Each structure stands twice: as C-alpha cells, then as structure tokens.
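Some notes on the structure that comes next.
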Amino acid sequence: FAFRDVGKKIVGKFQEKFITIGIYLIDAELLKDPIDLIVARSLAISVELNLGIKIIPIVNKLDLIDEGLLELLYSEDSIRERVSSMEEGERMGLALDLLNLIGRYSAPVRIVGVSSKLGEGLEDAFEIIHESLCSCGDMT
C-alpha cells in the first residue's frame, strides 16, 4: 500500500477532506537487535516520504521485546552507542549512516510502545495521535 500508486491516491483523497497522519506499526517480534530498530525507523521515514504524510511509529507487542532493546526504543543515543560497540564492518557502518539520516530528516517524534495483551501504552498512542492532529502538542 505505502509504496504503490494506489496508496498515494487514497492518502491524497483523505488529505482533501481530513488532517491525515499514518501509523507505522512495528512488530516487536522482529526487533532482535538495535539494527532492526534502525531498519524499522528507516522504513517508517520512507513511508512518510512516499505518502507525504506525518508518520507515527508504534511498536506493537511490547510485552515480547527483549529488555535490552526496550531502553533503545526511547533513546537515539543509546541505539548509537549499542551499534557503535558492535563488530566493525559494513553492517555497522550502514546502520550508523542510516541513524544519522533518521536524525537529520525525521521530524521529531517519540516512538510509542503498546501491548494490547497487557493493556499498556494505549493511552500514550492515543495521546501522540491527538498531539499530531493539533497545534497544541509536541510529539517528542
């Protein structure tokens, strides 16, 4: 959807009548290391660029994420530190370059984690959605 012409057309129709945002759901089961989080954020930014709308990244199934990665969701500096401590190579270099691009081109937005199983984070998700739709809020 997000990378097809029909996606742009549908979003365009919504934008004609409504304030339009997108929610990019990140499956926590797919986050095994810090680079996975960088890749997910890169995809969210790609969707934002392609559709021309503000994207809110939300990590779903937060109850399944490894504790070591949980802290990384909320701190770009922690992600950078963790990736920098990995074995040097093309993968690490590309991950750091992508992280720099995210910091440079991504609008300030906090990543929200939710767990419907535990009923956690849903209020935070609703809050950031509300903040993105009005001039009253700060999405960081």
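Taking residues in the stretch 43-61 that are more than 15 Å from Ile21 (Cβ to Cβ), and partners anywhere that are part of a helix (DSSP H, G or I) and open to solvent by 40 Å² or more (accessible area, probe 1.4 Å), the pairs with Cβ atoms closer than 8 Å and at least 6 places apart or on different chains are Lys61/Glu29. Picking from residues in the stretch 97-114 that are assigned to a loop (DSSP other than H, G, I, E, B) and touching a strand residue (DSSP E or B) at 6+ places or on another chain (Cβ under 7 Å), the one that is nearest to Arg41 (Cα to Cα) is Ile111.
In the stretch 76-112, what residues are modelled with pLDDT of 80 or more, of a type in the set (Gly, Ala, Ser) and closer than 23 Å to Glu131 by Cβ? Gly103, Ser106, listed by residue number. When you look at Lys9, is it part of a helix (DSSP H, G or I) and either open to solvent by 80 Å² or more (accessible area, probe 1.4 Å) or among the small types (Gly, Ala, Ser) (or both), yes or no? When the stated conditions are applied, Lys9 passes them.
Restricting Leu62, Leu99, Leu72 to those that are open to solvent by less than 50 Å² (accessible area, probe 1.4 Å), more than 14 Å from Asp36 (Cα to Cα), aliphatic (A, V, I, L, M) and in contact with a helix residue (DSSP H, G or I) (Cβ under 6 Å, 6 or more places away or on another chain) reduces the list to Leu62.
The values are calculated or read from the model by the stated rules, or taken from the named source; none is laboratory data. Predicted, not measured: the structure shown is a model, and the values here were computed from it. Reconstructed Cβ throughout: ideal geometry from the backbone, glycine too, with neighbour counts over all protein chains shown. The area values use the complete protein model at the heavy-atom level, side chains included, leaving out ligands, DNA and RNA. Shrake-Rupley method; radii C 1.70, N 1.55, O 1.52, S 1.80 Å.
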